[in-house]
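These notes are about the structure you will find just below.
The values are calculated or read from the model by the stated rules, or taken from the named source; none is laboratory data. Bear in mind that the values here come from a model prediction, so they are computed numbers and not experimental data. Glycine gets a Cβ as well: all are built from the backbone with ideal geometry, and neighbour counts include every protein chain shown.
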Amino acid sequence: MTRKHAVAPAIAILLAYSQVWAQGESVRFEAVGDAIPRALTSEPGNAARGRSIVVNRDGGACTLCHAVPGEKNFGNIAPTLAGVGARLSPAQLRLRVADSTRVNPDTPMPAYYRTEGLNQVAAAFRGKPLLSAQQVEDVVAWLATLKEAQ
Amino acid sequence: MRRARARLALAAAALAAGVVLAQERAIPPGELKSGSVFLGSDLRALQNDDFANPGMLWVERGERLWSELAGKKTLACASCHKDTSMRGVAASYPKIDKASGKLVNLEDRINLCRTGRMDAEPLRYESEELLALTAYVARQSLGLPIATRIDGAARAHFEAGRAAYHLRRGQMNLSCAHCHDAQWGKRLLSETISQGHPNAYPAYRMEWQTIGSLQRRIRACLSGIRAEMLPYGSPEYLDLELYLAWRAQGLPIETPGVRR
């Protein structure tokens, strides 16, 4: 009897937490045309962090496909990211990073902020987007600084 | 009369399917390139030198195993295959096994001989023995063009393989075609993507420091895009192997390949 009383509040707390967690992790955004006008997080993107996500193998690993200003080692599957901040607005950049299949259904570029409609995802990564909402914002912040075509 | 017309319709359909197939090839026969074309000259030289190619150790081991007695019937492969050459055999796999009606690859075929004829235990996928025997048999088709069949019972497997090849999958949401049809010759970071052909397998891979099967290579691609890996010998892998062989139709066998 006493035990039951002790457990109930614990469960309630746990439930409340998991709800917060689910909200925090839910991968959702609203696209308008070819852009996502509203930032995914309230914290503004940090461009310095964004750069390290772009070039890092454990982050976005964008250099697998894109040339990136200041990097010597990169793939040549995709156009260079130099000047991308002049070609596209932050809102357009956000959609291309979050889910570029919305712009080109056959693109090889992974959807970095999407968990639905994927097939046979390895168990360790299932239900998780490649980048968190904050990471997407950081990346967009850095891309937006790339005004010069090299 | 009705029968004749039905037969005619069937023939027309088959012809149409043949035409579609010929047009459907993402890489036309004249543009087929072996994976070795995309290697550095050092690895290509290593593959072409029989004395230096590390994969030849498995071919030699396979040659010894070929005559080794095994199973309750104490038979060797050589006991049955006395006068028949294995030349050209690997080039026709995967194929439908007549007895079971199932699609089998060369590894499965070797194991069918062991269990069915020799009363021996099947060899485990990626075991040294199975890799050695497979490499030894495949080596005897060196230079012969891949010539698999996709008619009859193989047809459904071919279609399934084609679907598997074009399925976007994994956290990176890529299909085999995204890399090996659309981007071959381009660099993924510093690695040049080849056309993804099966003609060098089993192949010695520097990264593995050993020889591995085609399925092991496919699993490496799947793991790269963070996709689920199926158990060795899964029907989906066999279907994929058949589709890969069809894509590579005409490409000469070069087992054991040497790869990065």
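Restricting to the stretch B:179-236, name every residue that is of a type in the set (Gly, Ala, Ser), modelled with pLDDT under 95 and touching a Lys or Arg at 6+ places or on another chain (Cβ under 9 Å).
Selection gives nothing.
When the residues of the stretch A:110-125 are narrowed to those that are over 13 Å from residue B:227 (Cα atoms) and of a type in the set (Gly, Ala, Ser), which ends up nearest to the chain's Cα centre (by Cα)?
By that ranking, first place goes to A:111.
Within 14 Å of chain B (Cβ to nearest Cβ) and either surrounded by 20 or more Cβ atoms within 10 Å (Cβ to Cβ) or over 17 Å from residue A:28 (Cβ atoms) (or both), is that true of residue A:106?
yes
Of all residues in the stretch B:226-260, which are surrounded by 22 or more Cβ atoms within 10 Å (Cβ to Cβ), within 14 Å of chain A (Cβ to nearest Cβ) and either free of Cβ contacts under 8 Å to residues at least 40 places away in the same chain or outside any helix (DSSP H, G or I) (or both)?
B:226, B:227, B:237
For residue A:90, are the conditions met, namely being of a type outside the set (Ser, Thr, Tyr), surrounded by fewer than 19 Cβ atoms within 10 Å (Cβ to Cβ), under 21 Å from residue A:30 (Cβ atoms) and more than 14 Å from every other protein chain (Cβ to nearest Cβ)?
yes
Could you list, in sequence order, all residues of the stretch B:195-214 that are outside any loop (DSSP other than H, G, I, E, B) and surrounded by 24 or more Cβ atoms within 10 Å (Cβ to Cβ)?
B:203, B:204, B:211, B:214
What's the number of the condition residue B:79 fails, among (1) at pLDDT below 95; (2) assigned to a helix (DSSP H, G or I); (3) of a type in the set (S, T, N, Q); (4) within 30 Å of residue B:157 (Cα to Cα)?
It fails just one condition, (4).
Would you be able to tell me the number of residues in the stretch A:89-109 that are touching a residue at least 12 places away in the same chain (Cβ under 8 Å) and within 21 Å of residue A:142 (Cα to Cα)?
Residues in the stretch A:89-109 being touching a residue at least 12 places away in the same chain (Cβ under 8 Å) and within 21 Å of residue A:142 (Cα to Cα): 13 in total.
Can you work out which of the residues in the stretch B:152-193 that are among the basic types (Lys, Arg) and more than 24 Å from residue A:131 (Cβ to Cβ) is farthest from the other protein chains (Cβ to nearest Cβ)?
The residue in question is B:155.
State all residues of the stretch A:110-150 that are in contact (Cβ under 8 Å) with a residue 24 or more places away in the chain, in contact with a helix residue (DSSP H, G or I) (Cβ under 7 Å, 6 or more places away or on another chain) and within 10 Å of chain B (Cβ to nearest Cβ); if no residue qualifies, say none.
A:112, A:114 - these are the residues of the stretch A:110-150 that are in contact (Cβ under 8 Å) with a residue 24 or more places away in the chain, in contact with a helix residue (DSSP H, G or I) (Cβ under 7 Å, 6 or more places away or on another chain) and within 10 Å of chain B (Cβ to nearest Cβ).
Could you please let me know if residue A:78 is at negative phi and more than 14 Å from chain B (Cβ to nearest Cβ)?
no
Could you tell me whether any residue of the stretch B:198-211 is within 14 Å of another protein chain (Cβ to nearest Cβ) and either more than 26 Å from residue B:85 (Cβ to Cβ) or without any contact (Cβ under 8 Å) to a residue 24 or more places away in the chain (or both)?
Within the stretch B:198-211, none of the residues are within 14 Å of another protein chain (Cβ to nearest Cβ) and either more than 26 Å from residue B:85 (Cβ to Cβ) or without any contact (Cβ under 8 Å) to a residue 24 or more places away in the chain (or both).
Mind checking whether some residue in the stretch A:50-60 is within 30 Å of residue B:187 (Cβ to Cβ), within 14 Å of chain B (Cβ to nearest Cβ), modelled with pLDDT under 95 and surrounded by 14 or more Cβ atoms within 10 Å (Cβ to Cβ)?
Yes, there is a match, as at least one residue in the stretch A:50-60 is within 30 Å of residue B:187 (Cβ to Cβ), within 14 Å of chain B (Cβ to nearest Cβ), modelled with pLDDT under 95 and surrounded by 14 or more Cβ atoms within 10 Å (Cβ to Cβ).
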